[in-house]
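Written out below as structure tokens is the structure these notes cover.
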Amino acid sequence: PEERRTRSRRARFAGPTAFVRCEAKNAHQFSGPIGSWATGVVFDCVKIDGGGTRRIFEIRDDAKVTISYLTIQNGYAASHPDGYFGGGGILLYSGSLYLDHIQALSCTADTYSTDGGGFLFMTYYSSAATADHVFFKDNYAYQSGGAVYVQSEDFDSIGSIYESNRTDQYGGGAVYFS
């Protein structure tokens, strides 16, 4: 049998790094710098579009993540291998998240097999999230929390706008605390 060699890939974006007027449509893998391998990253006029087929960001391993000046749209969450999580835009499984001047648009946690949070789902394992001047619009969750579903104890919203977010089941058209 022929022996195959595989090449490992690695990318690091040590700051300062700028992403300007970039767009990812129908992304089939996670998009953008995530977690500990990106530092000092600046986004300007960047739009990440999940095409209504997948979650856009998943944050784990107690990462401390800041996302600034970015549009995240059309993310989709179905059931998750670790449980019934939602968060079509972002699943904050563990760690902390700071959203700064984000547009969170038209993300979905659709089906009875997700807990909710059309845009953001925070698990019990996550420590904190802050939405600082975030525009949440047209997000949908079948269960609860049209825009945000919070299992954690620490969620702050500063100067954010929640417009036309909805849920069909248990409540929290904008934000749901379990």
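The values are calculated or read from the model by the stated rules, or taken from the named source; none is laboratory data. Since this is a predicted model, take the numbers as computed values, not measurements. Don't worry about glycine lacking a Cβ; one is built from the backbone with ideal geometry, like all the others, and counts go over all protein chains shown. Please note that ligands, DNA and RNA were not included when accessible areas were found on the heavy atoms of the full protein model with its side chains. Shrake-Rupley method; radii C 1.70, N 1.55, O 1.52, S 1.80 Å.
Annotations for the structure displayed:
- Residue count for region 133-156, restricted to those that are among the polar types (S, T, N, Q) and modelled with pLDDT of 95 or more: 1
Listed here are the residues, each with its yes/no results for (1) open to solvent by 70 Å² or more (accessible area, probe 1.4 Å); (2) assigned to a loop (DSSP other than H, G, I, E, B).
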| position | (1), (2) |
| --- | --- |
| Val65 | no, no |
| Ile72 | no, no |
| Gly86 | no, yes |
| Tyr98 | yes, no |
| Gly118 | no, yes |
| Ala129 | no, no |
| Phe136 | no, no |
| Gly146 | no, yes |
| Tyr176 | no, no |
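- Within the set Gly95, Gly89, the sole residue that is touching a strand residue (DSSP E or B) at 6+ places or on another chain (Cβ under 6 Å) and either at pLDDT 90 or above or basic (Lys, Arg) (or both) turns out to be Gly89.
- Some residue of region 93-114 being under 20 Å from Phe177 (Cα atoms) and touching a Cys at 6+ places or on another chain (Cβ under 7 Å): no
Yes or no, residue by residue, for (1) open to solvent by 20 Å² or more (accessible area, probe 1.4 Å); (2) touching a residue at least 60 places away in the same chain (Cβ under 8 Å); (3) touching a Ser or Thr at 6+ places or on another chain (Cβ under 9 Å):
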{"site": "Ala141", "(1), (2), (3)": "no, no, yes"}
{"site": "Asp154", "(1), (2), (3)": "yes, no, yes"}
{"site": "Gly159", "(1), (2), (3)": "yes, no, no"}
{"site": "Asn165", "(1), (2), (3)": "yes, no, no"}
